[in-house]
Structure formats: C-alpha cells, structure tokens
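Only one structure is covered here, and it is reproduced in the block below.
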Amino acid sequence: MAKNNQLVRRYLRVVTVIHQMDHAALPVTFLYALTQVGGPYINLAFLGILINRMTVGTNLHQLLPLMLLYLGLRFGLAIMNQWLEKMSSDHQQLVDSRLDATTTEKLLTISYADLDDPQMRKNYAAIQRGTAMNGGLTALMEEGLVNFFSLLIALGFAFGAFAMLLRMHVPARFGFAQFVNSPVYVLLLAVLLLVPFGLSAMAVPKGDAIMQAVLKKIIVVNAVYTYFLNLVENQHNGPLIRLYNARAGIIHEERTRFATSNAITLRGDVHSTAYVMLPSIVASIITGVLYVLVGLPVFGGVLAIGTAIMVVGYLEQFMMSFTAFMKDVADYNNMVGYLQYYTDFLAIPDYRSGAHLPVEKRDDGEYEFSFNDVSFKYPGSDVWALRHVNLTLHVGERLAIVGLNGSGKTTLVKLLTRLFTPTEGTITLNDIDVQKYDEAEYRSLLAVVFQDFKLFGYSIAENVAASAAVDTQRVWQALDVADVAARIHELPAGIDTAVGKDLDANGVELSGGEAQKVAIARAWYKDAPLIILDEPTAALDPLSEAAIYQRFDQLIGNKTAIYISHRMSSTRFAQRIAVFKDGALVEMGTHNGLMQQDGLYRELFTAQAKYYQ
Ligand SMILES: Nc1ncnc2c1ncn2[C@@H]1O[C@H](COP(=O)(O)OP(=O)(O)OP(=O)(O)O)[C@@H](O)[C@H]1O
Ligand SMILES: [Mg+2]
C-alpha cells in the first residue's frame, strides 16, 4: 500500500512538472485522446440508433439526415484528430525541451559541492540513461498520458451505459427476463466488469516485478557499456587506445555487454508478456457473457436491441481500454521511476549562501586570510582530505605550498574559494568567517589558476577578461605577463581568435602550455588581492616558467600569492613554505630554515635537485 502511495506521488509529481513546463500540454493531450478514441463511440451510438429505427420500420429517406450527421461527425473528428496530433506532439516537445533547459540551468545554480557530489552525479547519469532507454517524458506523454485519458473517457461512457441498465424494470409477464429486476443482476454485471480489473491487479505486478529485475540487471551492464562508448567517442583517448593496443579488448567488452543486455531484456519481455496477456483474453470472454445478460431486458421489452448493442459495446470498450492501459503500466512505472531522478534533481535547492556581509574595500590590500583548525571530508567520502590545518596568510606575502600527490593542496584552495565548506573549523578573512560574506564580493578577492584549468570556446580576449566586456589594453598586458603575447599576436585575428574549434571553425588549437599561459593571464587580469596558482607551470617549458614567475611576482606587487608547485625551484619566490602530508600541515618555514631540518621538505628538495646536478 505504502508502495502504491509512493507510486501515485511520483506520477503526481511528473504531472505537476509537465504542467509547470507548459500549461497547455495536459489539456491539448486530453483533447487529442478524445479525438483519438472517439470513433468507436460514435460508431456504436449510430449503429444502435440505426438498428432501433430499422426495427420500428423507418424508410431509407428518413434515415438520410442521420447518415449525414454521422458522416459530418466522423469527418470533423478526423480533421480535429490530425490537427490535435500535431499540436499535442508539439506541446510534448516543448515540455521536453523546457525540462532540458531547466535541468541545465539547475546545474549552474546548485552549489559546487552538490555538483561534485558523487551521488548527484550518479543520479544525473541515470536521468540521461533512462531518457535514452525509455524515451523519457515525451514517451510517457505520447503513450501513457494518452492511454490514461482514453481510459478516463472509456470510464465515462461505461458509467453511462451501466446507469442505463440500472434503471431497467422488466414487467412480471416476461418470466426469466425478470432476473433484470434482481439486485443479483446488477451485482453480476458489476463483478464481471471488475474481473479484468482483479486479474490485471494480480498479473501486472508479476510482469512488473520481472521487468524491474531486468532493469536492475541491465543498469549495471549498461553503465559499463556506456563507459566504453564514451571512452571511444572521446578523441583524447584516441592516442592511448592506439598506443597500448587496447582496441581488441574494448571491442570485446563492448560487444559482450551489448549482447548480455539484449539477452536479458528479451528474456524478461517474453516472460512478462505471458502475465500481461491474460486479462485481455478474459475480457473478450466476458464480453460474450455481457451480450447474454444485456439481451435479457431486450427480451423483457424494456431495451431496444440497438441500444443493447451500444451498451455492450461501451462496456467492452472500457474493459479493453483498461487492460490496454494496465498492459503497459509497467513501462510507465519504469519511466516514472527514471523521471523521479529528474524531479529529485530539480528539487536540489539552488545555492544561496544567505550571507550578505559586504567585503570591506581596501586600497592597501590588507586582507588577511586564516585557516583555524580546519578539517574536511569530501561529500560521500569517509577520508579526511584535510586535518586540523592552522595557517595564516600574511598580507603581501608569497606562500609556497608543497607536498606529495593527494596531500590536500588543491583541497585547501577549494575551501578558500568557498567551493566547499570546511567540515570542521573555520576560514576567516580579517577575523570574520568567510561564509558570512556575500559570495560574489568574496570571490572577487580571489584569482585562481586551477590545476585542471579550463578555457571556454570564446575569444582569447573574453577568456582573459572572463567576460564579454574586455579592456583590450589590459588583455595584452596580461598576455605579456604570462609570456604568450607574441604567440597570440601572430594569429590572424589576434585576441579575437576563438579558443578551439567548438564554437568557431577558425579557432586556434592552443598547446597545453599555451593554454596554461592564457589561464595565468586570466588570473593576472582579474587584479584580485589574493592570487593562487595551483601547479600553474606544470605544462610550461623551463624558460617560460622562469620568465613567468619572475614577471608575475614583480607585477603583482604587494598582493598576497599562494604558489603550489611540484617544481621545488618555484619556492625561491616565496617567503614561507608550507609542507603538506596526508592532509596535515607538517612543516612551515623559509627555504633555508626547512633545509636545516631533517624533514619532508629537505627530502623532496634534495630528491629533485639530484637530477639537476
Ligand atoms: N572531488 C573529490 N571527491 C573526493 N575526494 C577527493 C576529491 N578531490 C580530491 N579528493 C581526495 O582528497 C585528497 C586530497 O586531494 P588534493 O587534490 O587536495 O591533493 P593535492 O595535494 O592537490 O594533490 P596533487 O599534487 O596531485 O595535485 C586526495 O586523497 C584525493 O583523492
Ligand atoms: Mg592538486
């Protein structure tokens, strides 16, 4: 029962989403369903009237208006049906594209911590897989909604027909036909109509369970299958696959998963169809019995034969609509199951820090950042990425951070930039918890070159300015600081050249190092009081590296800077060096001071220096 309630709630949420995306979608689809299933009802009604007229001996001439009315109605219905089919499919598309757009916007408005959450990513992948497999919302509207509305319409007609039978009273002289007057007669009719109901209720969940089990199995298989497809589609994997001769292995994996997934689906389909067919077979047998039962009041002289045919027809239509709907209900449940990920995803709250404290504007750049006993675990992880970190950034200083891979250096930057919130402890700016500041104002204080920096497909100028409003002179200056101005100058369109060919066929494919230089220019352009370079020179040749550090360090003047680097030589630009190990700050001091200790820093430095001697 609780499970059914949950299912009903899911359907209601999906219907609400449809309505939110486009108010016209539901009414238009209902009208389409009406014109779609209306034909047989009109046929049955006219057939009934025709037979009734003929049994009382009407001539052909008198039937002519009736025939014309019939033809007119069918003609009108056919035209409306064609038109509404187009309309409803347009509206369904509209709902689908709006939902897509809403989803994309959601990705932009949730917090970075939510975006990076592995569970969130899993659900998001399920949305896409589910849509690809089941057709998503459009399929649900095209089939499920239309079938559901048809069922409602059939229910209306069946009620009318049934009410008509309830009012029958056969006079005493008609013997056995008086059975019609008995409550048992009505009860029998009702029970017969309910039999397909009961059978469906029993058989469909069985078929449903089979399909659920299938889904559970193939979701695992398909995830792997999709992984391999994406792997191959991404051209960046091309060199690796070719060099390591991974082709045969990947093709084998891909074919095996594909075959397994197909075999599981096929077996499940055959198995579940057996259950699903039973109610419709029984419904046709019941229709035969209905003819006998509804024939009784005809014998009793209280129901015209044409009306009886119409009544049985309507009841049969109802049973057919019902079993047809139930037959596919497992599919609809599946789709609604997937769409639940949509509704769940859309229900993630937008990121609003709720903090509006303005950041004090200071010309002297006196912004002091402090980590106060900060510990952090990534969402969904049990491991401390940072543990009890205490660290104050002195105004105007250059701090170098070194440490082995995975020691928590980048994590520190992600916390400082408020992409994540510390699990324990606080980070302060001028003694106030950074979480309390207005987010945009706070972030305007920081310029970061991330380790996995990204450039967009816009022009180089827009990339450097991180905006469409560009100060051209400053862009060139920034490119010069980053030692890439000469290269950009050679390009036919200069700083207006697009990065990559995704948005512009004339875009330039920058080398890894050139791209990194543009990212450094972007950080310099921002003119923020705190600059963080996380592995800014990993892709740079030694000459560029030395040149950039030199110029960068000079030009940022009295700003505060954090340099994270695996090249120990970069520490000579820093007044202090922080050494991280397993998420903890283990050493702190000047180069000379740390070299005198027998610690990690000396070990790292001498290990690297050895190769340069
Ligand atoms: N998004 C994430 N989710 C879960 N764990 C993460 C995530 N990012 C990093 N980690 C983990 O946190 C730890 C610290 O990672 P971090 O990226 O801060 O290391 P790092 O010192 O910058 O290393 P590197 O020198 O390789 O850049 C690592 O164990 C890493 O596996
Ligand atoms: Mg890192």
Original post:
Any idea which of 292, 44, 34 is furthest toward the positive side of the dipole for region 2-346, if Lys and Arg beta-carbons carry +1 and Asp and Glu beta-carbons -1?
Top reply: 292
Original post:
For region 369-612, what size does the Cα cloud have along each of its three principal axes, sorted from largest down, in whole Å?
Top reply: 53, 46, 35
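Give me the percent relative contact order of region 2-346, please, defined on Cα pairs under 8 angstrom at least 6 residues apart. Working shown, then result.
Details: 300 pairs, mean separation 114.1, N = 345.
That works out to 33 percent.
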Subject >> Positive minus negative residues near residue 264 (Lys, Arg vs Asp, Glu; Cβ under 12 Å) >> reply: +3
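Could you give the length gained on full extension between residue 195 and residue 421, defined as 0.36 nm per residue of separation minus the Cα-Cα distance, in nm?
Taking 0.36 nm per residue and subtracting the Cα distance, the gain is 75.5 nm.
Would you mind checking 361/581; 86/216; 217/581; 122/414; 559/610 for any pair whose Cα atoms are more than 31 angstrom apart? Each step should come with its number before you reach the end.
Working: 361/581 35 Å; 86/216 36 Å; 217/581 42 Å; 122/414 22 Å; 559/610 33 Å.
Check vs 31 Å cut-off fails for 361/581; 86/216; 217/581; 559/610.
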Subject >> Crossing angle, helix 183-233 versus the chain [Cα axis fit, 0-90 degrees, rounded to tens] >> reply: 30
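In what sequence, highest mean first, do 541-553, 165-177 appear when ranked by Cβ atoms within 10 angstrom? It would help to have the intermediate numbers written out before the result.
Numbers: 541-553: 16.0, 165-177: 13.1.
In descending order of packing, they fall as 541-553, 165-177.
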Original post:
Under the definition of Cα pairs under 8 Å and six or more residues apart, what whole-number percent is the relative contact order of region 369-612?
Top reply: 26
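If Lys and Arg each add +1 and Asp and Glu each add -1, what is the summed charge of the other residues whose beta carbon sits under 13 Å from the beta carbon of residue 25?
Numbers: positive: 98; negative: 22, 90, 96, 142.
Within the 13 Å Cβ shell, the charges total -3.
With only alpha-carbon atoms in the gyration tensor, what are the semi-axes of the equivalent ellipsoid for the chain, in Å, largest first?
For the chain, the ellipsoid semi-axes come out as 74, 26, 23 Å.
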**OP:** Give me the angle, in degrees from 0 to 90, between the Cα long axis of helix 305-327 and the longest principal axis of the Cα atoms of the chain, rounded to the nearest 10.
**Re:** 20
Subject >> Between region 317-396 and region 200-263, the alpha-carbon center distance in angstrom >> reply: 28
Original post:
For the chain, what is the relative contact order in percent, using Cα pairs closer than 8 Å and at least 6 residues apart in sequence?
Top reply: 14
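Rank by packing, highest mean first: peptides 507-515, 458-466, 64-72, with packing defined as the count of other Cβ atoms within 10 Å averaged across residues.
458-466, 507-515, 64-72
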**OP:** Starting from the amide H of residue 386, placed 1.01 Å from N in the peptide plane, find each other amide H under 5 Å away whose residue is 5 or more places distant or on another chain.
**Re:** 376
**OP:** Give the percent of DSSP beta bridges with both residues in the chain that are antiparallel, rounded to the nearest 5.
**Re:** 50
Original post:
When averaged across all projection directions, what area in nm² does the alpha-carbon convex hull of region 74-155 cover?
Top reply: 7.2
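Just to confirm the filter: which trypsin sites (Lys or Arg not before Pro) across region 412-463 are DSSP coil and have at most 11 other Cβ within 10 angstrom of their Cβ? Don't skip to the answer; put the middle values down first.
Values: sites: 414, 418, 436, 443, 454; in loops: 418, 454.
Listed in order of number, the matching sites are 454.
Per-residue ellipticity at 222 nm for the chain, helices alone: DSSP H runs ≥ 4 residues times -39500 (n - 2.57), over residue total, nearest 500 deg cm²/dmol? Present the calculation step by step, with values, prior to reporting the outcome.
On the way: 21 runs with 378 residues, N = 613.
Estimated from H runs of four or more residues: -21000 deg cm²/dmol.
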Original post:
Between region 546-597 and region 78-142, what's the alpha-carbon centroid distance in Å?
Top reply: 49
**OP:** Could you point to the residue in 591, 548, 562 farthest towards the positive end of region 481-613's charge dipole, with +1 and -1 charges on the Cβ of Lys/Arg and Asp/Glu respectively?
**Re:** 591
Original post:
If each of residue 452 and residue 172 carries a label point 7 Å out from its Cα toward its Cβ, how far apart are those two points in nm?
Top reply: 9.2
Original post:
When the Karplus curve 6.51 cos²θ - 1.76 cosθ + 1.60 is applied with θ = phi - 60°, which whole-Hz ³J(HN,Hα) does each residue of region 523-533 get, with x for Gly and Pro?
Top reply: 5, 5, 4, 5, 6, 8, x, 10, 10, 10, 10
Original post:
Between residue 55 and residue 363, how many nm apart are label points set 7 Å from Cα along the C-beta direction?
Top reply: 10.3
Original post:
Pairing the Cα long axis of helix 118-134 with the longest principal axis of the chain, what angle in degrees results, from 0 to 90 and rounded to the nearest 10?
Top reply: 40
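Can you sort 121, 257 by solvent-accessible area, 1.4 Å probe, largest first?
My answer, sorted largest first, is 121, 257.
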**OP:** Give me the number: length gained by fully extending residue 355 to residue 527, i.e. 0.36 nm times residue separation minus the C-alpha to C-alpha distance, one decimal in nm.
**Re:** 59.5 nm
Original post:
For residue 522, what charge total do you get from the other residues with a beta carbon under 12 Å from its beta carbon, if Lys and Arg give +1 and Asp and Glu give -1?
Top reply: +2
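The values are calculated or read from the model by the stated rules, or taken from the named source; none is laboratory data. Just so you know, these numbers come straight off a predicted model, no measurement behind them. Neighbour counts are summed over all protein chains in view; Cβ atoms, including those assigned to glycine, are modelled from backbone coordinates with ideal geometry. These accessible areas exclude ligands, DNA and RNA; they are computed on the full protein's heavy atoms, side chains included. Shrake-Rupley method; radii C 1.70, N 1.55, O 1.52, S 1.80 Å.
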